[in-house]
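Engineer: Pasting in a structure now, in structure tokens, and then I'll have a few things to ask.
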There are 2 protein chains.
Amino acid sequence: MTDGRRYTVGVDYGTASARAVVVDVADGRELGVAVYEYANGVIDARLPAPDDDVVLGPDWALQDPADYVEALRRAVPRAVVDAGIDPAQVIGIGIDFTSCTMLPTTADGTPLCEFDAFRRDPHAWVKLWKHHAAQPEADEINRVAAELGESWLDRYGGKISSEWFFPKALQILREAPGIYHAAGRLIEAADWIVWQLTGVETRNNCTAGYKALWSAEDGFPDRQFFAALDPRFERVVDDKMSRTISRLGGAAGGLSEQAAGWTGLRPGIAVAVANVDAHVSMPAASVTRPGTLVAIMGTSICHVVLSETAPAIAGMCGVVRDGIVPGLFGYEAGQASVGDLFGWFVERGVPPEYHERARARGASVHEILELDAAALRPAESGLLALDWWNGNRSILVDADLSGMLVGMTMTTGPAEIYRALIEATAFGTRIIIEAFEAGGVAIDQVVACGGLPERNRLLMQIYADVTGRTWRLAASSQTPALGSAMFAAVAAGAEAGGYADIAAAAERMAHLRDAVFEPDLASHAVYDRLYAEYARLHDLFGRGGDPVMKTLKALRLEALDATHSGPAPVERAAVETPVAG
Amino acid sequence: MTDGRRYTVGVDYGTASARAVVVDVADGRELGVAVYEYANGVIDARLPAPDDDVVLGPDWALQDPADYVEALRRAVPRAVVDAGIDPAQVIGIGIDFTSCTMLPTTADGTPLCEFDAFRRDPHAWVKLWKHHAAQPEADEINRVAAELGESWLDRYGGKISSEWFFPKALQILREAPGIYHAAGRLIEAADWIVWQLTGVETRNNCTAGYKALWSAEDGFPDRQFFAALDPRFERVVDDKMSRTISRLGGAAGGLSEQAAGWTGLRPGIAVAVANVDAHVSMPAASVTRPGTLVAIMGTSICHVVLSETAPAIAGMCGVVRDGIVPGLFGYEAGQASVGDLFGWFVERGVPPEYHERARARGASVHEILELDAAALRPAESGLLALDWWNGNRSILVDADLSGMLVGMTMTTGPAEIYRALIEATAFGTRIIIEAFEAGGVAIDQVVACGGLPERNRLLMQIYADVTGRTWRLAASSQTPALGSAMFAAVAAGAEAGGYADIAAAAERMAHLRDAVFEPDLASHAVYDRLYAEYARLHDLFGRGGDPVMKTLKALRLEALDATHSGPAPVERAAVETPVAG
């Protein structure tokens, strides 16, 4: 080694691309970065050529595991070059992944989709987190779990998502029993890529806990439960998974010769146990202790918070001991429509005038809307929204809820609506914060990370004003990759120039921006009154007081069914023939 | 006379222009038309030059009475030329007007704004129907009437509008007592223009009944009531108005020599008692008997229906004996936001893509939206709206209510919203129809008139499907002017070649189009279920069950007050300074 400096590499596997970052272990400086866009991207219409005659159903979303390996070969060496460092000084590598993103492999980890015998079966490929075609299986799991009184249901707010591990696994069994049978392993992509890096199969406790119903105390649901779903599913854990679970902060193994060849890093350096993009962001946002909520804000918001104890909190996505920071319980909550909702509005609800102003100023439509919306005071829009365009994740856990907007007059314009949508998502965050506090998990302040809060100062101020709490921003614009690099430094250990634990790593490697968004007292007082309206309507429409959202959805589904069986009524309307004057 | 043919002229005084139509008395054929745009239009910012340094307050809307006379001089002769008839064969002229549109004049009918002494006072001008600056006076009248238990309040749904006669008169007294004092008469513009035509002051029972609290049984409110508002207002009826009220269908007098000179018509021909644009449309839509609702559809909807009796119906605009067709009670109800609402959406809520498609096809954005919305089945949008962008006129009579939209998802687009808005206005119409029927006034079918239903077939079919009733369209595209010409034929009388009454005139002169919009049974069944949702939310938000609309409005007004006393909070937000890496 040429000097005393030590570096680690973090690789963040996102939905469309993987990002490798080279970080200085001493202070967290991000010295080099490289992004690899997956060649096959999100596979949601048909399989990649030459099998592109195989058409996927609605709600399917697959990926190609070869893209994940290619990302190691392309992005890591380029990030090292970009950093201008000697790769010999890299002491560890860590990865994080979307989740639950899972795939079937042989017992040695070869993806089934790489075999000619299986490649034309969509179930042989990686099921991406947003593969939603396992909803029937999720419904069945929820129903059976409720019937059997499964105790683990409480940890997940009483209901699990179609995005999770066992609905996806059960869908493979039901729709492609041959693939299920042929699969030696069913594994999270996070753990699979670590397997490719180390040659050793491990399973991390974060995805196991949050997505696969595992806990340190109780392990997985028992065999009778899986047998109740399907006799062939009874031994899914024993035959296709593992009951050995590795804790975050540990090393999964050393970098294999093969992976060293891919990455240009030294063989044998520490490879961290795999992690999840949202959860790994928490220490990268400098938070390793209870009392601070970290909001990872993008198309949706993922909220993570730590606690010494694990009281039951209604409507959480999950609570997992050691699931984010070892030694503490990690809670996860979520809001399903945030940046997504603003994007929906910009795409579908903003008239040409705003697009022209944006063009003229070389700005985005979002920026023009933000400009106009910032000129409004709290409550001046006259509007209130329920932000459930994608349903409600926390705390109602109900995908069948929908959006609402009230208060429109002839003077209502796009800026008013835009502001009301931002406010609604802030009220949704406050509902979650209040649920935590009511359950005994204190939230004293908030740290945000992600592209959305970096771009939109108005949003940050509104969130501070609505929640009555100080909001700060993580310094890094790539907290997942930084977090992975931090866990790599912990996996390497203090002796190798890394850290003994993630708290020590965070103290040196994670930072906040100087910007502090303090709640404005006058605005907070107004928002308290608007929030009372939001909370009342939240309960009215969200807890069954008024069934309109469920009824509209049911009627819509009936109408869509009918659409396939006859012409729309208007086509049969009378033809207008004016009477001659 | 050159042949046996007889003609009448109808002049429809609208908001921006007056339209003269020459009609064949035998069959209602519209032979000639001419439109005169008022030179001074709607005066809502400053008085016309040379007094354009006089600035008007918010909610003011004035007109220049000289424009009304000019319309006679310009439009009537041109309509006669356009018809290619001999003016000697015109046996009568009738007019209809927006209402309540009123002005102060001297005792001989000279508008005060024509005197140099008064012309710079805005109160000397015509107050147009949509002058809304007398809201404090309307509020006061409503409060005092409720306190005194005035029996006439029941005829107007319990509340009167700021658009009506006495709020406007009281505003003149309060804000310009000199004008009030100088005014020999306060008079509806409808009656004033008939005065100009005949030289005789008359007051029609339609505007007196619907806008000035008069009834055949009880006359005007008594002097004590006016005195309770203001001692100076006690004798407003005796000093400024008249207790002699002329019935629709009669002749106000013969055409004066002066007016014959303006119009080119023969002096002495019958001039009909003045009428109101909405009400005069009813016989022009061929309806002179109970059982059929006439919907005059434009920016708003005015609903008129006839009845042998006058049961109290909650939330009507008014019920007047002989107020529309002599011998029957005429009910008026209204929806405040219809075409206005669709226009709001097209202007403020439709993305560039639709504007581009419209341009490419040479169509309007409305037409493109209608095309897409027509491809949706009932309930397929997944949306439900409350159509109260302008508040609710009937049956809630509450201007402080506002719009609501529920059911949005990420797949919701402009066509879905457009259809939901149309459906919401149809549900609003159904609420009114059901209120009539619950009160004992039968509605068996509906005839629509106005530009909106002529242009939008989807709208007509949805209204038929939602209400479960047959909807037809008046043949004439200018029902107010046709109706005025019909009343002119009645004023002329059968002996002069006209008709004995309006029913006889309607039988010959009014027609329906062949197009019949029958309710589709399957769609009606779906709409029954959606309507149940609408009706429940209508009562929930409209009758005080949930106060969100009132609270939002109150908070908005507080915010607007605060806007004038300090910078918006966001301007004080921290400046973001990223930490160096």
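Engineer: Pairs of alpha-carbon atoms within less than 8 angstrom and 6+ residues apart define the contacts here; what relative contact order does segment B:15-169 have, in percent?
Structural biologist: 21
Engineer: Measuring from the lowest to the highest alpha carbon on each principal axis, how far does segment B:1-136 reach, largest first, in angstroms?
Structural biologist: The principal-axis extents, from largest down, are 54, 27, 25 Å.
Engineer: Report, to two decimal places, the Cα Rg of segment A:195-264 normalised by 2.2 N^0.38 Å (N = number of residues).
Structural biologist: Dividing the Cα Rg of segment A:195-264 by 2.2 N^0.38 Å gives 1.38.
Engineer: Principal axis lengths of segment B:333-372 from Cα atoms, whole Å, largest first?
Structural biologist: 40, 17, 15
Engineer: Contour minus end-to-end for B:Glu347 and B:Glu147, with contour as 0.36 nm per residue of separation and end-to-end as the Cα-Cα distance?
Structural biologist: 67.7 nm
Engineer: Let me ask you something else. Please list, or write none, the lysines whose alpha carbon is within less than 26 Å of the alpha carbon of A:Lys553, excluding same-chain residues fewer than 8 places away.
Structural biologist: Within the straight-line cut-off, A:Lys553 pairs with A:Lys130, A:Lys159, A:Lys168.
Engineer: Now for a separate question. List the residues of segment B:357-404 that lose 50 Å² or more of accessible area once all protein chains are present, compared with their chain alone (1.4 Å probe, heavy atoms only, no ligands or nucleic acids).
Structural biologist: B:Arg377, B:Glu380, B:Trp389
Engineer: Ok, one more. Per residue of segment B:526-540, in order, report the coupling 6.51 cos²θ - 1.76 cosθ + 1.60 (Karplus, θ = phi - 60°) as ³J(HN,Hα) in whole Hz, putting x for Gly and Pro.
Structural biologist: In residue order, the calculated couplings are 5, 5, 4, 6, 5, 5, 4, 5, 4, 5, 5, 5, 3, 6, 4 Hz.
Engineer: Give me the extension gain from B:Val42 to B:Ser364: residue separation times 0.36 nm, minus the current Cα-Cα distance, reported in nm with one decimal.
Structural biologist: Residue separation times 0.36 nm, minus the Cα-Cα distance, leaves 113.3 nm.
Engineer: Of the listed pairs B:Lys127/B:Lys211; A:Lys211/A:Lys240; B:Lys127/B:Lys550, which have alpha-carbon separations greater than 20 Å here?
Structural biologist: Correct reply: B:Lys127/B:Lys550.
Engineer: Over segment A:105-170, with every protein chain in place, what whole percent of the accessible area is carbon and sulfur at 1.4 Å, could you tell me?
Structural biologist: So the carbon and sulfur contribution to the accessible surface is 51 percent.
Engineer: Let me ask another. For segment A:50-148, which chymotrypsin sites (Phe, Trp or Tyr not before Pro) are in a loop by DSSP, counting at most 13 other Cβ atoms within 10 Å?
Structural biologist: Those satisfying the criteria are A:Phe115.
Engineer: Another question about this same structure. So for the protein assembly as shown: antiparallel DSSP bridges make up what percent, rounded to the nearest 5?
Structural biologist: Among the beta bridges of the protein assembly as shown, antiparallel pairing accounts for roughly 70 percent.
Engineer: About its Cα centre, what dipole magnitude does the protein assembly as shown give when the only charges are +1 on Lys and Arg Cβ and -1 on Asp and Glu Cβ, stated in debye to the nearest 20?
Structural biologist: With Lys and Arg at +1 and Asp and Glu at -1, about 220 debye.
Engineer: Out of B:Ala138, B:Ile95, B:Pro122, whose Cα points farthest toward the positive end of the dipole of segment B:81-184 (charges: +1 Lys, Arg; -1 Asp, Glu; placed on Cβ)?
Structural biologist: B:Ala138
Engineer: List the trypsin sites (Lys or Arg not before Pro) in segment A:227-312 that DSSP assigns to loop (not H, G, I, E or B) and whose Cβ has at most 11 other Cβ atoms within 10 Å. Which are they?
Structural biologist: Listed in order of number, the matching sites are A:Arg243.
Engineer: Further question on the same structure: Rg and Dmax of chain A, using alpha carbons, in Å: what are they?
Structural biologist: When restricted to the Cα atoms of chain A, Rg and Dmax are 24.7, 98 Å.
Engineer: For segment A:373-516, just the Cα set please: Rg and Dmax, both in angstrom.
Structural biologist: Cα-based Rg and Dmax for segment A:373-516 come out at 19.0, 68 Å.
Engineer: Per residue of chain B, what 222 nm ellipticity follows from adding -39500 (n - 2.57) for every DSSP H run with n ≥ 4, rounded to the nearest 500?
Structural biologist: -12000 deg cm²/dmol
Engineer: Enter the mean projected area of the convex hull around the alpha-carbon atoms of segment A:127-212, in nm², rounded to one decimal.
Structural biologist: For segment A:127-212, averaging the hull's shadow over all directions gives 6.1 nm².
Engineer: Using only the alpha carbons of the protein assembly as shown, determine the length spanned along each of the three principal axes and report them from longest to shortest in whole angstroms.
Structural biologist: 114, 61, 50
Engineer: Can you pull out the buried accessible area for chains B and A, both sides counted, probe 1.4 Å, rounded to the nearest 100 Å²?
Structural biologist: Between B and A, the summed buried area is about 7100 Å².
Engineer: Counting heavy atoms of the protein chains only and a 1.4 Å probe, report the per residue accessible area for segment A:290-448 as a whole number of Å².
Structural biologist: Value returned for segment A:290-448: 28 Å² of accessible area per residue.
Engineer: Let me ask you something else. Pull up the DSSP beta bridges for chain A and report the antiparallel fraction as a percent, rounded to 5.
Structural biologist: Expressed as a percentage, antiparallel bridges in chain A total about 70.
Engineer: With the label 7 angstrom out along Cα to Cβ, how close does A:Asp239 come to the same site in each of the other copies, in nm, nearest first?
Structural biologist: 10.1
Engineer: What residue among A:Gln335, A:Val365, A:Met241 has its Cα farthest toward the positive end of the dipole of segment A:219-377, where the charges are +1 on Lys, Arg and -1 on Asp, Glu, each on the Cβ?
Structural biologist: Comparing the listed Cα positions along the dipole, A:Met241 ranks first.
Engineer: Now, a different point. Restrict the search to segment A:281-352; then list the GluC sites (Glu not before Pro) that DSSP places in a loop and that have at most 10 other Cβ atoms within 10 Å of their Cβ.
Structural biologist: Those satisfying the criteria are A:Glu308.
The values are calculated or read from the model by the stated rules, or taken from the named source; none is laboratory data. None of the values given here were measured: they were computed from a predicted structure. Virtual Cβ from ideal backbone geometry, glycine too; neighbours counted across all protein chains shown. When the accessible area is computed, the model is the full protein with side chains, heavy atoms only, and any ligands, DNA or RNA have been set aside. Shrake-Rupley method; radii C 1.70, N 1.55, O 1.52, S 1.80 Å.
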